[in-house]
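**Student:** I have a structure here, written as structure tokens, and I will follow up with some questions on it.
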Amino acid sequence: MQYMVSVIQDGKGSPGPSDMAAVGAFNERLKAAGHWVFANGLAEPAAASVVDNRGDELVVTDGPFLETKEYVVGLWIMQAPDLDVALRLAAEASKVCDGKLEVRPCAS
Amino acid sequence: MHEAGEAIAQAHREEWARVVAALTRRFGDLDVAEEAAAEAFATAVERWPADGVPPNPGAWLTTTANRKAIDRIRRENKRDDKQKEAQLLYDDPPGTLGAIDDERLRLIFTCAHPALAMETRVALTLRMVGGLTVPEIARAFLVHETGMGQRITRAKAKIKAARIPYRVPSAKDLPARVSGVLAVLFLIFNEGYLATGPDTDPVRHDLTAEAIRLTRLIHALLPEDGEVAGLLALMLLTEARRTARVSANGELVALDEQDRGAWDAALVAEGHRLVRERLAAAAAGVAPGRYQILAAISAVHTSARDVRDTDWSQVVALYDQLVRLDPSPIIALNRAVAVAELDGPEVALAAVDRLEDKLAGYHAYHATRADLLRRLGRSHKSRAAYDKAIELAGNTAEIAYLTRRRDELG
């Protein structure tokens, strides 16, 4: 089972890889234990573009699809057998990146 | 006919959680387990009066529920593959059961999982482990049935989608997970202690006994956990008064009118022993939690051979300690009841009246007011408060008691 663990900017400090070495070490532990799928940080929402090609004409809009005070600044995809394991990994990740996280199961 | 009805009621009390737990283990799906268990009991209601009660009702129900679950899974055969996959990953391999070897505890720890909101945990445990119906649970929470049904449905969906595991947590995670379970068990105990519904026994010994049984198990596993000991003591000291609490004609008997000789001396002694242990720990600097304080209050009451011997100043002091931990209006209401004995009904009434905003929909608020107004000789206002309390109360014995007290007013 895969879980998306997103790092949330909630206005309290700036989460992110302030200590790259700690994040790197954590990611190595994830890999060694078979939990690693993917991880990366994201650029500011202002750098986003929204693409909608469902109609006759392609529409490209500048900015994120939703303007919010809280937004995702990075994410992991982790492999875990159940939510208890995913929550334990996320607790560790929250310390490492000094941020609030959302743990969301992938659909399959 | 009557015999079958009693057998079904008994099987529901004794077997519901086991059937749900066994099916959840086998099929890895709470929803399938719950629905199949409910169908098995519905089949028993149809068949047992005509065919007779089977020699082993529990085995009959489990077999029938298993068959119902398999039928449902076949009907939805598109889910077959996913089902198998879920089952493999959801469950511990055989032989890895934790120190507490009880199927129903797995069910409890799953239902009381910290990734679920507290209200959801309680509701889910009452449904899956306690076997209460959605309307009964809705009443316990003072919310609407529809909302409660949706809450339980959403919880089952989350357990499945997020893969909340079906097992007793590891020793490392256990202490943190236990406090959530205690809150759930306390609520189940209370629903048993003051059962609701017009066709329900006023005291559902099955629920109080189940809550005590499971709390004992957790206490055996975590003997050093003060709150587990506190909750167990509180339950035992409350359970000790059970038979004295309802009269032969089904009326609630208030604490001051109870035949104290009818209290269960063994349960009182066991409860007092636990409270003494916790008092010793508190003296050694371990701050007591709310269950330990509630148990201490109960110990003060059960130490008095006559209600007139009750140490009310001690009771009020303990409530003061409790209010600092848990400033809820219900605690404040209970404190006011003790204040009435210490400082008189006038002082208590002023304190109770301040809670109106928060407790106007709670029968005990009106019942407490009614009693204080009666003692102050304000019969007219007292009667109105009794009327309101009777209208809101859900427990048959309590309604009978309140009705008598109202009708005794001059």
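**Student:** Condition first: more than 13 Å from B:Ser298 (Cβ to Cβ) and among the hydroxyl-bearing types (Ser, Thr, Tyr). Can you find one or more residues in the stretch B:227-239 that meet it?
**Tutor:** no
**Student:** Among the residues of the stretch A:1-19, which ones are modelled with pLDDT of 75 or more and more than 14 Å from chain B (Cβ to nearest Cβ)?
**Tutor:** A:Ser6, A:Val7, A:Ile8, A:Gln9, A:Asp10, A:Gly11, A:Lys12
**Student:** Let me ask something else. Residue check: is B:Val286 farther than 24 Å from B:Ala244 by Cα and in contact (Cβ under 8 Å) with a residue 60 or more places away in the chain?
**Tutor:** Judged against the criteria, B:Val286 is a match.
**Student:** Residues in the stretch A:63-83: is at least one among the aliphatic types (A, V, I, L, M), away from every other protein chain (no Cβ under 14 Å), surrounded by 11 or more Cβ atoms within 10 Å (Cβ to Cβ) and assigned to a loop (DSSP other than H, G, I, E, B)?
**Tutor:** Checked the stretch A:63-83: no residue is among the aliphatic types (A, V, I, L, M), away from every other protein chain (no Cβ under 14 Å), surrounded by 11 or more Cβ atoms within 10 Å (Cβ to Cβ) and assigned to a loop (DSSP other than H, G, I, E, B).
**Student:** Scanning the stretch B:114-162 for residues that are outside any helix (DSSP H, G or I) and within 14 Å of chain A (Cβ to nearest Cβ), which turns out modelled with the lowest pLDDT?
**Tutor:** Restricting to residues being outside any helix (DSSP H, G or I) and within 14 Å of chain A (Cβ to nearest Cβ), the top hit is B:Pro114.
Residues are listed down the side, and each one gets a yes or a no for (1) under 21 Å from B:Leu194 (Cβ atoms); (2) in contact with a Pro (Cβ under 9 Å, 6 or more places away or on another chain):
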{"residue": "B:Thr310", "(1), (2)": "no, no"}
{"residue": "B:Val315", "(1), (2)": "yes, no"}
{"residue": "B:Ala351", "(1), (2)": "no, no"}
{"residue": "B:Arg369", "(1), (2)": "yes, no"}
{"residue": "B:Leu373", "(1), (2)": "no, yes"}
{"residue": "B:Lys388", "(1), (2)": "yes, no"}
{"residue": "B:Ala400", "(1), (2)": "yes, yes"}
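**Student:** Hey, among the residues in the stretch B:163-188 that are charged (D, E, K, R) and part of a loop (DSSP other than H, G, I, E, B), which one's nearest to the other protein chains (Cβ to nearest Cβ)?
**Tutor:** Checked the stretch B:163-188; the qualifying residue nearest to the other protein chains (Cβ to nearest Cβ) is B:Arg163.
**Student:** Still on this structure, I have one more. Only one of (1) under 22 Å from the mean Cα position of the chain (by Cα); (2) modelled with pLDDT of 95 or more; (3) of a type in the set (Asp, Glu) is not met by B:Glu39, so which one is it?
**Tutor:** (1)
**Student:** Scanning for something touching a strand residue (DSSP E or B) at 6+ places or on another chain (Cβ under 6 Å), crowded, with 16+ Cβ neighbours inside 10 Å and over 26 Å from B:His113 (Cβ atoms), does the stretch A:1-11 turn up at least one residue?
**Tutor:** Within the stretch A:1-11, one or more residues are touching a strand residue (DSSP E or B) at 6+ places or on another chain (Cβ under 6 Å), crowded, with 16+ Cβ neighbours inside 10 Å and over 26 Å from B:His113 (Cβ atoms).
**Student:** May I ask you to list pairs of residues, at least six apart or on different chains, whose Cβ atoms are under 7 Å apart, with the first in the stretch A:62-82 being over 19 Å from A:Trp36 (Cα atoms) and the second being outside any loop (DSSP other than H, G, I, E, B) and aliphatic (A, V, I, L, M)?
**Tutor:** A:Gly63/A:Ala46; A:Phe65/A:Val50; A:Glu70/A:Ile8; A:Val72/A:Val7; A:Val72/A:Ile8
Yes or no, residue by residue, for (1) in contact with a helix residue (DSSP H, G or I) (Cβ under 6 Å, 6 or more places away or on another chain); (2) surrounded by fewer than 16 Cβ atoms within 10 Å (Cβ to Cβ); (3) in a loop (DSSP other than H, G, I, E, B); (4) without any contact (Cβ under 8 Å) to a residue 60 or more places away in the chain:
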site	(1), (2), (3), (4)
B:Asn190	no, no, no, yes
B:Arg213	no, yes, no, yes
B:Glu227	yes, no, no, no
B:Leu234	yes, no, no, no
B:Val268	yes, no, no, yes
B:Arg278	yes, no, no, yes
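One line per residue, one yes/no per condition, for (1) more than 20 Å from B:Ala332 (Cα to Cα); (2) among the polar types (S, T, N, Q):
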position	(1), (2)
B:Asp357	no, no
B:Tyr362	no, no
B:Ala370	no, no
B:Ser379	yes, yes
B:Ala384	yes, no
B:Gly394	yes, no
B:Ala397	yes, no
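**Student:** Out of curiosity, is B:Leu318 over 16 Å from B:Leu372 (Cβ atoms), hydrophobic (A, V, I, L, M, F, W, C) and surrounded by 14 or more Cβ atoms within 10 Å (Cβ to Cβ)?
**Tutor:** Judged against the criteria, B:Leu318 is a match.
**Student:** Let me ask something additional. Within the stretch B:42-67, track down each residue that is buried (at least 20 other Cβ atoms within 10 Å of the Cβ) and either more than 15 Å from B:Leu107 (Cβ to Cβ) or touching a Cys at 6+ places or on another chain (Cβ under 6 Å) (or both).
**Tutor:** B:Ala44, B:Trp48, B:Leu61, B:Thr64
**Student:** Based on what the data block shows, is B:Gly394 of a type outside the set (A, V, I, L, M), out of contact with any helix residue (DSSP H, G or I) (no Cβ under 9 Å at 6 or more places or on another chain) and part of a loop (DSSP other than H, G, I, E, B)?
**Tutor:** no
**Student:** Let me ask something additional. Filter the stretch B:349-367 down to the residues that are within 22 Å of the chain's Cα centre (by Cα) and assigned to a helix (DSSP H, G or I) and list them by number.
**Tutor:** B:Leu359, B:His363, B:Ala364, B:Tyr365, B:Ala367
**Student:** Shifting gears a bit: Can you name every residue in the stretch A:91-108 that is touching a Phe, Trp or Tyr at 6+ places or on another chain (Cβ under 8 Å) and either within 13 Å of another protein chain (Cβ to nearest Cβ) or buried (at least 17 other Cβ atoms within 10 Å of the Cβ) (or both)?
**Tutor:** Answer for the stretch A:91-108, where residues must be touching a Phe, Trp or Tyr at 6+ places or on another chain (Cβ under 8 Å) and either within 13 Å of another protein chain (Cβ to nearest Cβ) or buried (at least 17 other Cβ atoms within 10 Å of the Cβ) (or both): A:Ala93, A:Val96, A:Val103, A:Arg104, A:Pro105, A:Cys106.
The values are calculated or read from the model by the stated rules, or taken from the named source; none is laboratory data. Just so it is clear, the structure is predicted and the values come from calculations on it, not from any experiment. Note that each Cβ is placed from the backbone with ideal geometry, even for glycine, and that neighbours are counted across all protein chains shown.
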